[in-house]
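The values are calculated or read from the model by the stated rules, or taken from the named source; none is laboratory data. Bear in mind that the values here come from a model prediction, so they are computed numbers and not experimental data. When we count neighbours, we look across all protein chains shown, and the Cβ atoms used for this are built from the backbone with ideal geometry, even at glycine. Quick note on the areas: whole protein, heavy atoms, side chains included, nothing else; ligands and nucleic acids left out. Shrake-Rupley method; radii C 1.70, N 1.55, O 1.52, S 1.80 Å.
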Amino acid sequence: MVLDSGGVFMDQAEDGIVGSGRDPSAPGVRADPLKESGKLTRNGVPAQTNGSRAVERRPTPRSGAAPRPPLRRPLSLETAPPCLRGPDGRTAGGRFVQPPWRSGPAARRPTDPGPGAGSWMRRSESTCSLGVRASGGHMRPATSLPHIAKGAGGAAPPGPPGPCLLVALRPLNLEREKQTFFQSDYEYEPQFEYAQPAPRGVLEKYRGGSALFLEQAVGIMECVLRKFGSYEDFEEATGGGVLPKSRVWAAVRKYLHKEGCVGEVVVRLSDELLSQAVMVVESCRPTLTINLAGARQHWLEGMLRHEIGTHYLRGVNNNQQPWATAEGRKQYGLKPANPTEEGLASLHSVLLRKQPFLWRAALLYYTVYHATSMSFSQLFGHIARFVQDPDVRWEYCLRAKRGQTDTSKPGCFSKDQVYLDGILRILRHRKAIDFKTLTSLGKVSFEDVERLRQHAAFSRTRIPHFMRDPERYLQHLDHIVAVNQLDDLALLHLLP
């Protein structure tokens, strides 16, 4: 892991923060070897100790031996390759760090240019160019809610050559319209302005909301309300408190160790995201930005399983396969990666929770469906049944209505329904899916697994730690079905 600040790791993590979701004292739970040794430098590198201080041991020159040439100076910030710099241009600790993927002459790191370059970390239908920084990059939506960058109205940020989905669908006058809406006692219909017209094909593709899983969405949310009374109480009871920066760093570091991703992902913390997290490729390095306001004690590792354990590792695996390019996908006749991709990641967000309610995916599905027949203000009042907080309701309505100029008209942007859609399709077929192979194949639908198995390369693919025991993994999926009171027979009827 490369940190984008001078944050210090904390190795004393409390139960439920950075572990696998099990009690650290339980049998079979391995402790962090670096933590046990007690020998960590500031950057988590083991060091020999002398008393209470860490020291660096240097060899003593032999008598009469020729003097050794001076050590090479550390690579300066100006001369360091872009791939070895953080998002602010710094190298890790000011030093040149050999990336872990350079393990041999045949090894190719995930971001190397070549066939399929730029596609290794994409989610199907979920990638866009980020034109705010000069370095460019690719952005993915956030953990559970698609990312809409926070910003006041004003001049549009410079965009990429073609229309960018996130930029095109983000209102320029977002804050002003929100203020007007709240001052009107929630009766004003926001009139959104955009930097550029949204691509006609995109709006057409996502203009219709589905009611296929509406009954399941309502049922999931009613389960939460019966048990906790309100979403706000559910969040407080199951999410835990918001973590300080030091404990977020510790949790992320420990998770990256679990997945063997230390040094591969730049990690940044932010107060500016509306969503829980967002993954960007900057200076040819995958960069995970985490919203500090959403970094809750018992939910943070679920976000890491979603972003790193699912999207990142499946992207790395995809780059090893013959269908890594668009031409390859066409050649092998692959189905779209979604809804499998987002469904799988959303399941992993709640996989190891004691109470793995699928609330967020359900509310997104429900809100989008009703946006097709309601204005913004009508929708805002309608979902008060499930969400009391006006700021949270605004956020959900904004996502359902994004792309519209006059929100007094019915209409939706239905992409957010992909989460629950993917979840329920996977749960319906969970006993027949080979999940380890599905992950190894990369960005593919579960429906293509058996057909692609014989063409795949498996030697260098990576499986996240929580999927390595197939029997236990299936037990977690069964638990999700039971907690959310999903009916297998009803899913079989909907998805024969």
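Going by the structure shown, is His306 open to solvent by less than 10 Å² (accessible area, probe 1.4 Å) and either out of contact with any Cys (no Cβ under 7 Å at 6 or more places or on another chain) or in a loop (DSSP other than H, G, I, E, B) (or both)?
When the stated conditions are applied, His306 passes them.
If I go through segment 320-344 residue by residue, how many of them are among the polar types (S, T, N, Q) and assigned to a helix (DSSP H, G or I)?
Total satisfying the criteria: 2.
Can you pull out every residue in segment 213-235 that is part of a loop (DSSP other than H, G, I, E, B) and in contact with a helix residue (DSSP H, G or I) (Cβ under 6 Å, 6 or more places away or on another chain)?
The one that is part of a loop (DSSP other than H, G, I, E, B) and in contact with a helix residue (DSSP H, G or I) (Cβ under 6 Å, 6 or more places away or on another chain): Phe213.
Looking at segment 463-477, is at least one residue among the polar types (S, T, N, Q) and either surrounded by 21 or more Cβ atoms within 10 Å (Cβ to Cβ) or within 13 Å of Arg314 (Cβ to Cβ) (or both)?
no
Please indicate, with yes or no, whether at least one residue in segment 270-292 is in a helix (DSSP H, G or I), surrounded by fewer than 21 Cβ atoms within 10 Å (Cβ to Cβ) and out of contact with any Cys (no Cβ under 6 Å at 6 or more places or on another chain).
Yes; the residues of segment 270-292 include at least one that is in a helix (DSSP H, G or I), surrounded by fewer than 21 Cβ atoms within 10 Å (Cβ to Cβ) and out of contact with any Cys (no Cβ under 6 Å at 6 or more places or on another chain).
Just to be sure before I move on: is Arg451 open to solvent by 40 Å² or more (accessible area, probe 1.4 Å) and not polar (S, T, N, Q) in the structure I sent?
Yes; evaluated as a whole, the condition is true for this residue.
Ser210 fails exactly one of the following numbered conditions: (1) assigned to a helix (DSSP H, G or I); (2) open to solvent by less than 50 Å² (accessible area, probe 1.4 Å). What is the number of that condition?
So Ser210 meets the others, but not (1).
Hey, among the residues in segment 386-414 that are among the charged types (D, E, K, R) and touching a helix residue (DSSP H, G or I) at 6+ places or on another chain (Cβ under 8 Å), which one's nearest to Val444 (Cα to Cα)?
In this case the residue turns out to be Arg399.
Suppose the filter is buried (at least 18 other Cβ atoms within 10 Å of the Cβ) and either within 25 Å of Ala361 (Cα to Cα) or not β-branched (Val, Ile, Thr) (or both); does Leu486 pass it?
yes
Could you list, in sequence order, the residues of segment 249-269 that are open to solvent by 10 Å² or more (accessible area, probe 1.4 Å) and either of a type in the set (Ser, Thr, Tyr) or on the phi > 0 side of the Ramachandran plot (or both)?
Answer for segment 249-269, where residues must be open to solvent by 10 Å² or more (accessible area, probe 1.4 Å) and either of a type in the set (Ser, Thr, Tyr) or on the phi > 0 side of the Ramachandran plot (or both): Gly260, Gly263.
Quickly run through segment 189-207 and pick out the residues that are open to solvent by less than 70 Å² (accessible area, probe 1.4 Å) and part of a loop (DSSP other than H, G, I, E, B).
Residues satisfying the conditions are Glu189, Pro190, Phe192, Tyr194, Ala195, Gln196, Ala198, Pro199, Tyr206.
Which numbered condition trips up Thr439, out of (1) touching a Leu at 6+ places or on another chain (Cβ under 8 Å); (2) of a type in the set (S, T, N, Q); (3) within 17 Å of Leu358 (Cβ to Cβ)?
Thr439 satisfies all of (1) touching a Leu at 6+ places or on another chain (Cβ under 8 Å); (2) of a type in the set (S, T, N, Q); (3) within 17 Å of Leu358 (Cβ to Cβ) except (3).
Among (1) under 30 Å from Met467 (Cα atoms); (2) part of a helix (DSSP H, G or I); (3) out of contact with any Asp or Glu (no Cβ under 9 Å at 6 or more places or on another chain), which single condition is Gly442 missing?
That leaves (2) as the condition not met.
Determine which single condition Cys164 fails, assuming it passes every other condition in (1) modelled with pLDDT of 90 or more; (2) crowded, with 21+ Cβ neighbours inside 10 Å; (3) farther than 20 Å from Gly294 by Cβ.
(1)
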